[in-house]
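Peer 1: Provided herewith is a single structure, encoded as C-alpha coordinates, for subsequent inquiry.
The values are calculated or read from the model by the stated rules, or taken from the named source; none is laboratory data. Being a predicted model, the structure only gives us computed values, none of them experimental. All Cβ positions, glycine included, derive from the backbone under ideal geometry; neighbour counts span all protein chains shown.
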Amino acid sequence: MRPETVFITGASSGIGLELAHVFAREGYNVVGVAQNDVQLRDAMRGLEHEYGVKTWPLVQNLTARNAVEKIDEFLHAEKIHVDVVINNAGFGVFGEFIQTDWEDHKELLDLNIVSLTELTKYFAQRMAKRGGGKILNVASIASFFPGVFMDTYYASKAYVLSFSLALAEELRPKGVQVSVLCPGPTRSNFETRAHATRSKLFGRAGDARKVAEVALKGVQNNKLIIIPGTRNKLNVFMSRFIPRKWLAPLVRRAN
Ligand SMILES: NC(=O)c1ccc[n+]([C@@H]2O[C@H](COP(=O)([O-])OP(=O)(O)OC[C@H]3O[C@@H](n4cnc5c(N)ncnc54)[C@H](OP(=O)(O)O)[C@@H]3O)[C@@H](O)[C@H]2O)c1
(Lines give C-alpha, C1' and ligand atoms only; values in the text may rest on other atoms or scores of the structure.)
Protein backbone atom coordinates (compact mmCIF):
# COMPACT_ATOMS: atom_id res chain seq x y z
CA MET A 1 0.00 0.00 0.00
CA ARG A 2 1.31 3.48 -0.85
CA PRO A 3 2.16 5.66 2.21
CA GLU A 4 -0.26 8.54 2.74
CA THR A 5 0.82 12.16 2.30
CA VAL A 6 -0.07 15.17 4.42
CA PHE A 7 0.17 18.73 3.03
CA ILE A 8 0.80 21.30 5.78
CA THR A 9 0.97 25.08 5.41
CA GLY A 10 3.18 26.85 7.93
CA ALA A 11 5.14 23.64 8.57
CA SER A 12 8.42 25.33 9.53
CA SER A 13 7.55 26.44 13.06
CA GLY A 14 5.14 26.23 16.00
CA ILE A 15 1.94 24.21 15.66
CA GLY A 16 2.51 23.41 11.95
CA LEU A 17 5.96 21.96 12.62
CA GLU A 18 4.61 19.83 15.50
CA LEU A 19 1.76 18.62 13.29
CA ALA A 20 4.38 17.62 10.72
CA HIS A 21 6.21 15.64 13.44
CA VAL A 22 3.19 13.71 14.71
CA PHE A 23 1.92 12.88 11.20
CA ALA A 24 5.44 11.82 10.08
CA ARG A 25 5.72 9.63 13.19
CA GLU A 26 2.51 7.91 12.01
CA GLY A 27 4.20 7.18 8.66
CA TYR A 28 2.84 10.05 6.54
CA ASN A 29 5.06 11.65 3.91
CA VAL A 30 5.00 15.44 4.31
CA VAL A 31 4.68 18.38 1.91
CA GLY A 32 5.54 21.44 4.03
CA VAL A 33 4.89 25.03 2.94
CA ALA A 34 6.46 28.20 4.39
CA GLN A 35 8.37 31.26 3.21
CA ASN A 36 11.72 30.94 4.97
CA ASP A 37 13.71 28.58 2.76
CA VAL A 38 16.43 27.61 5.27
CA GLN A 39 14.08 27.05 8.19
CA LEU A 40 11.65 24.98 6.11
CA ARG A 41 14.36 22.78 4.55
CA ASP A 42 15.92 22.18 8.00
CA ALA A 43 12.53 21.22 9.40
CA MET A 44 11.79 18.79 6.55
CA ARG A 45 15.28 17.25 6.73
CA GLY A 46 14.73 16.72 10.47
CA LEU A 47 11.54 14.74 9.76
CA GLU A 48 13.32 12.52 7.20
CA HIS A 49 16.10 11.71 9.69
CA GLU A 50 13.80 11.12 12.65
CA TYR A 51 11.00 9.11 10.99
CA GLY A 52 12.41 7.88 7.67
CA VAL A 53 9.55 9.46 5.68
CA LYS A 54 9.78 11.40 2.42
CA THR A 55 9.33 15.17 2.57
CA TRP A 56 8.96 17.98 0.05
CA PRO A 57 9.75 21.55 1.19
CA LEU A 58 7.65 23.98 -0.86
CA VAL A 59 8.86 27.56 -0.38
CA GLN A 60 5.91 29.77 -1.20
CA ASN A 61 4.30 32.97 0.07
CA LEU A 62 0.67 31.88 0.32
CA THR A 63 -0.60 35.44 -0.11
CA ALA A 64 1.05 35.75 -3.54
CA ARG A 65 -1.58 36.06 -6.28
CA ASN A 66 -0.56 32.86 -8.10
CA ALA A 67 0.20 30.76 -4.98
CA VAL A 68 -2.32 28.00 -5.69
CA GLU A 69 -1.19 27.74 -9.35
CA LYS A 70 2.41 27.30 -8.15
CA ILE A 71 1.32 24.65 -5.65
CA ASP A 72 -0.65 22.82 -8.36
CA GLU A 73 2.39 22.86 -10.69
CA PHE A 74 4.62 21.56 -7.88
CA LEU A 75 2.28 18.70 -6.92
CA HIS A 76 1.94 17.66 -10.58
CA ALA A 77 5.66 17.86 -11.30
CA GLU A 78 6.46 15.74 -8.23
CA LYS A 79 3.47 13.40 -8.85
CA ILE A 80 2.26 13.90 -5.28
CA HIS A 81 -1.14 12.55 -4.22
CA VAL A 82 -2.35 14.45 -1.12
CA ASP A 83 -4.51 12.53 1.38
CA VAL A 84 -4.66 15.04 4.24
CA VAL A 85 -4.53 18.85 3.96
CA ILE A 86 -3.77 21.02 6.98
CA ASN A 87 -4.41 24.73 6.47
CA ASN A 88 -2.36 25.95 9.40
CA ALA A 89 -0.41 29.07 8.28
CA GLY A 90 -1.77 32.18 9.94
CA PHE A 91 -0.77 35.12 12.09
CA GLY A 92 -2.20 37.86 14.32
CA VAL A 93 -1.87 41.62 14.68
CA PHE A 94 -1.98 42.91 18.25
CA GLY A 95 -2.83 46.49 19.19
CA GLU A 96 -5.53 49.12 19.05
CA PHE A 97 -7.14 48.75 15.60
CA ILE A 98 -6.90 52.45 14.67
CA GLN A 99 -3.20 52.59 15.66
CA THR A 100 -2.03 49.55 13.68
CA ASP A 101 -0.97 49.40 10.00
CA TRP A 102 -3.63 48.60 7.42
CA GLU A 103 -1.08 46.64 5.37
CA ASP A 104 -0.61 44.21 8.29
CA HIS A 105 -4.37 43.66 8.60
CA LYS A 106 -4.70 43.18 4.85
CA GLU A 107 -1.95 40.55 4.84
CA LEU A 108 -3.63 38.84 7.80
CA LEU A 109 -6.97 38.67 5.97
CA ASP A 110 -5.24 37.46 2.79
CA LEU A 111 -3.47 34.63 4.63
CA ASN A 112 -5.95 33.61 7.36
CA ILE A 113 -9.05 33.85 5.14
CA VAL A 114 -8.43 34.19 1.38
CA SER A 115 -5.52 31.77 1.01
CA LEU A 116 -7.08 29.21 3.37
CA THR A 117 -10.35 29.33 1.45
CA GLU A 118 -8.71 29.06 -1.99
CA LEU A 119 -6.52 26.14 -0.92
CA THR A 120 -9.49 24.40 0.68
CA LYS A 121 -11.43 24.76 -2.59
CA TYR A 122 -8.50 23.46 -4.65
CA PHE A 123 -8.08 20.31 -2.53
CA ALA A 124 -11.77 19.76 -1.72
CA GLN A 125 -12.69 19.63 -5.45
CA ARG A 126 -10.08 16.95 -6.09
CA MET A 127 -10.95 14.96 -2.96
CA ALA A 128 -14.69 15.05 -3.73
CA LYS A 129 -13.97 13.80 -7.26
CA ARG A 130 -12.11 10.75 -5.97
CA GLY A 131 -14.49 10.27 -2.99
CA GLY A 132 -11.99 10.57 -0.12
CA GLY A 133 -9.61 12.80 1.79
CA LYS A 134 -9.31 14.84 4.96
CA ILE A 135 -9.02 18.58 5.55
CA LEU A 136 -8.01 20.14 8.87
CA ASN A 137 -8.39 23.91 9.11
CA VAL A 138 -6.63 25.65 11.98
CA ALA A 139 -8.89 28.19 13.71
CA SER A 140 -8.52 29.09 17.40
CA ILE A 141 -10.55 29.45 20.59
CA ALA A 142 -10.50 33.08 19.39
CA SER A 143 -13.15 31.88 16.88
CA PHE A 144 -15.73 31.96 19.69
CA PHE A 145 -15.04 35.51 20.96
CA PRO A 146 -14.85 39.14 19.76
CA GLY A 147 -11.14 39.99 20.00
CA VAL A 148 -10.55 43.38 21.57
CA PHE A 149 -7.01 44.54 20.54
CA MET A 150 -6.80 41.62 18.07
CA ASP A 151 -10.02 42.49 16.25
CA THR A 152 -9.24 41.23 12.76
CA TYR A 153 -7.42 38.10 13.99
CA TYR A 154 -10.33 36.86 16.12
CA ALA A 155 -12.78 37.72 13.34
CA SER A 156 -10.64 35.82 10.79
CA LYS A 157 -10.72 32.74 13.04
CA ALA A 158 -14.52 33.05 13.48
CA TYR A 159 -14.64 32.86 9.66
CA VAL A 160 -12.45 29.74 9.59
CA LEU A 161 -14.71 27.99 12.11
CA SER A 162 -17.98 28.93 10.39
CA PHE A 163 -16.63 28.13 6.90
CA SER A 164 -15.27 24.75 8.02
CA LEU A 165 -18.48 23.69 9.78
CA ALA A 166 -20.58 24.48 6.72
CA LEU A 167 -18.13 22.79 4.35
CA ALA A 168 -17.96 19.66 6.53
CA GLU A 169 -21.70 19.27 6.07
CA GLU A 170 -21.48 19.75 2.27
CA LEU A 171 -18.56 17.36 1.81
CA ARG A 172 -19.57 14.54 4.19
CA PRO A 173 -21.78 12.78 1.61
CA LYS A 174 -18.88 12.93 -0.87
CA GLY A 175 -16.57 11.03 1.49
CA VAL A 176 -14.43 14.07 2.42
CA GLN A 177 -13.86 14.81 6.10
CA VAL A 178 -13.43 18.40 7.34
CA SER A 179 -12.25 19.12 10.89
CA VAL A 180 -11.42 22.41 12.57
CA LEU A 181 -8.72 22.78 15.21
CA CYS A 182 -9.23 25.45 17.89
CA PRO A 183 -6.09 25.79 20.06
CA GLY A 184 -5.80 28.22 22.96
CA PRO A 185 -2.65 30.33 23.49
CA THR A 186 0.31 28.15 22.48
CA ARG A 187 4.08 28.69 22.63
CA SER A 188 5.36 29.38 19.09
CA ASN A 189 6.54 32.30 16.98
CA PHE A 190 2.97 33.65 16.95
CA GLU A 191 3.37 36.03 19.92
CA THR A 192 6.49 37.67 18.44
CA ARG A 193 5.04 38.02 14.93
CA ALA A 194 1.80 39.52 16.35
CA HIS A 195 3.83 42.00 18.48
CA ALA A 196 1.77 40.63 21.37
CA THR A 197 4.52 40.49 24.00
CA ARG A 198 2.49 43.05 26.05
CA SER A 199 -0.53 40.74 25.95
CA LYS A 200 -1.51 38.77 29.07
CA LEU A 201 -2.78 35.94 26.87
CA PHE A 202 0.50 34.05 26.55
CA GLY A 203 1.32 33.89 30.27
CA ARG A 204 -0.10 30.38 30.44
CA ALA A 205 0.56 29.36 26.84
CA GLY A 206 0.41 25.62 26.14
CA ASP A 207 2.76 23.27 24.34
CA ALA A 208 2.54 23.05 20.52
CA ARG A 209 3.37 19.29 20.52
CA LYS A 210 0.39 18.61 22.83
CA VAL A 211 -1.86 20.60 20.48
CA ALA A 212 -0.58 18.53 17.55
CA GLU A 213 -1.17 15.21 19.36
CA VAL A 214 -4.79 16.17 20.13
CA ALA A 215 -5.25 17.32 16.52
CA LEU A 216 -3.92 14.02 15.15
CA LYS A 217 -6.28 12.00 17.35
CA GLY A 218 -9.18 14.28 16.36
CA VAL A 219 -8.51 13.80 12.64
CA GLN A 220 -8.13 10.02 13.09
CA ASN A 221 -11.46 9.89 14.96
CA ASN A 222 -13.27 12.14 12.46
CA LYS A 223 -13.97 14.86 15.06
CA LEU A 224 -15.58 18.02 13.72
CA ILE A 225 -14.34 20.59 16.27
CA ILE A 226 -11.06 19.82 18.04
CA ILE A 227 -10.30 21.92 21.14
CA PRO A 228 -7.07 20.91 22.92
CA GLY A 229 -6.93 21.41 26.72
CA THR A 230 -9.54 21.34 29.45
CA ARG A 231 -9.29 25.08 30.23
CA ASN A 232 -9.89 25.96 26.57
CA LYS A 233 -12.85 23.57 26.33
CA LEU A 234 -14.32 25.12 29.48
CA ASN A 235 -13.87 28.70 28.19
CA VAL A 236 -15.64 27.83 24.94
CA PHE A 237 -18.44 26.04 26.82
CA MET A 238 -18.96 28.98 29.21
CA SER A 239 -19.03 31.49 26.34
CA ARG A 240 -22.37 30.00 25.25
CA PHE A 241 -24.07 31.25 28.42
CA ILE A 242 -22.69 34.80 28.38
CA PRO A 243 -24.66 37.50 26.49
CA ARG A 244 -22.69 38.50 23.38
CA LYS A 245 -22.45 42.16 24.45
CA TRP A 246 -20.60 41.08 27.62
CA LEU A 247 -18.01 39.02 25.77
CA ALA A 248 -15.96 41.95 24.38
CA PRO A 249 -15.42 43.62 27.81
CA LEU A 250 -14.37 40.21 29.20
CA VAL A 251 -11.89 39.64 26.37
CA ARG A 252 -10.56 43.20 26.81
CA ARG A 253 -9.55 42.31 30.38
CA ALA A 254 -8.00 38.98 29.31
CA ASN A 255 -5.97 40.45 26.43
N1 LIG B 1 0.18 30.18 18.95
C2 LIG B 1 -1.04 30.39 19.37
O3 LIG B 1 -1.27 30.86 20.50
C4 LIG B 1 -2.21 29.99 18.50
C5 LIG B 1 -3.46 29.79 19.11
C6 LIG B 1 -4.55 29.43 18.32
C7 LIG B 1 -4.39 29.28 16.96
N8 LIG B 1 -3.17 29.49 16.39
C9 LIG B 1 -3.06 29.34 14.94
O10 LIG B 1 -2.13 28.31 14.66
C11 LIG B 1 -1.58 28.52 13.37
C12 LIG B 1 -0.07 28.37 13.45
O13 LIG B 1 0.46 29.40 14.26
P14 LIG B 1 1.73 29.22 15.19
O15 LIG B 1 1.33 29.63 16.55
O16 LIG B 1 2.35 27.90 15.00
O17 LIG B 1 2.64 30.40 14.60
P18 LIG B 1 4.13 30.44 13.99
O19 LIG B 1 5.08 29.71 14.88
O20 LIG B 1 4.35 31.89 13.73
O21 LIG B 1 4.04 29.64 12.61
C22 LIG B 1 3.45 30.20 11.46
C23 LIG B 1 3.86 29.38 10.24
O24 LIG B 1 3.21 29.92 9.09
C25 LIG B 1 4.18 30.24 8.08
N26 LIG B 1 3.70 31.41 7.33
C27 LIG B 1 3.41 32.64 7.82
N28 LIG B 1 3.04 33.47 6.83
C29 LIG B 1 3.09 32.74 5.68
C30 LIG B 1 2.85 33.04 4.30
N31 LIG B 1 2.45 34.26 3.90
N32 LIG B 1 3.03 32.07 3.39
C33 LIG B 1 3.44 30.81 3.77
N34 LIG B 1 3.68 30.48 5.06
C35 LIG B 1 3.52 31.43 5.99
C36 LIG B 1 5.46 30.51 8.88
O37 LIG B 1 6.64 30.33 8.13
P38 LIG B 1 7.37 31.56 7.35
O39 LIG B 1 7.52 32.67 8.34
O40 LIG B 1 8.64 30.99 6.84
O41 LIG B 1 6.45 31.91 6.23
C42 LIG B 1 5.35 29.42 9.96
O43 LIG B 1 5.76 28.19 9.41
C44 LIG B 1 -2.05 29.90 12.93
O45 LIG B 1 -3.15 29.77 12.04
C46 LIG B 1 -2.49 30.55 14.21
O47 LIG B 1 -3.48 31.52 13.99
C48 LIG B 1 -2.08 29.83 17.13
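Peer 1: Take the range 170-196 and flag every residue that is surrounded by fewer than 19 Cβ atoms within 10 Å (Cβ to Cβ) and of a type in the set (Val, Ile, Thr).
Peer 2: Residue satisfying the conditions is Thr192 alone.
Peer 1: Now a separate question. So which strands (runs of 3 or more DSSP E) stay within the range 18-112 end to end and still have 1 or more residues that are more than 16 Å from the ligand (Cβ to nearest atom), modelled with pLDDT of 95 or more and out of contact with any Gly (no Cβ under 8 Å at 6 or more places or on another chain)?
Peer 2: Values: elements: 29-34, 55-59, 84-87.
By residue number, 29-34.
Peer 1: Looking at the range 197-230 only, could you name the residues that are surrounded by 14 or more Cβ atoms within 10 Å (Cβ to Cβ), assigned to a helix (DSSP H, G or I) and within 13 Å of the ligand (Cβ to nearest atom)?
Peer 2: Within the range 197-230, Leu201, Phe202, Ala208, Arg209, Lys210, Val211, Ala212, Val214, Ala215 meet the criteria.
Peer 1: Return the residues of the range 101-160 that are without any contact (Cβ under 8 Å) to a residue 12 or more places away in the chain and of a type in the set (Gly, Ala, Ser); say none if nothing qualifies.
Peer 2: Ala155
Peer 1: Among the residues of the range 164-171, is there at least one that is in contact with a strand residue (DSSP E or B) (Cβ under 9 Å, 6 or more places away or on another chain), modelled with pLDDT of 95 or more and within 15 Å of the ligand (Cβ to nearest atom)?
Peer 2: yes
Peer 1: Where the second residue is more than 15 Å from the ligand (Cβ to nearest atom) and assigned to a loop (DSSP other than H, G, I, E, B) and the first is farther than 16 Å from Val22 by Cα and lies in the range 43-61, which pairs have Cβ atoms under 7 Å and are six or more apart or on separate chains?
Peer 2: Sorted first by the residue in the range 43-61, then by its partner, the pairs are Trp56/Glu78; Trp56/Ile80.
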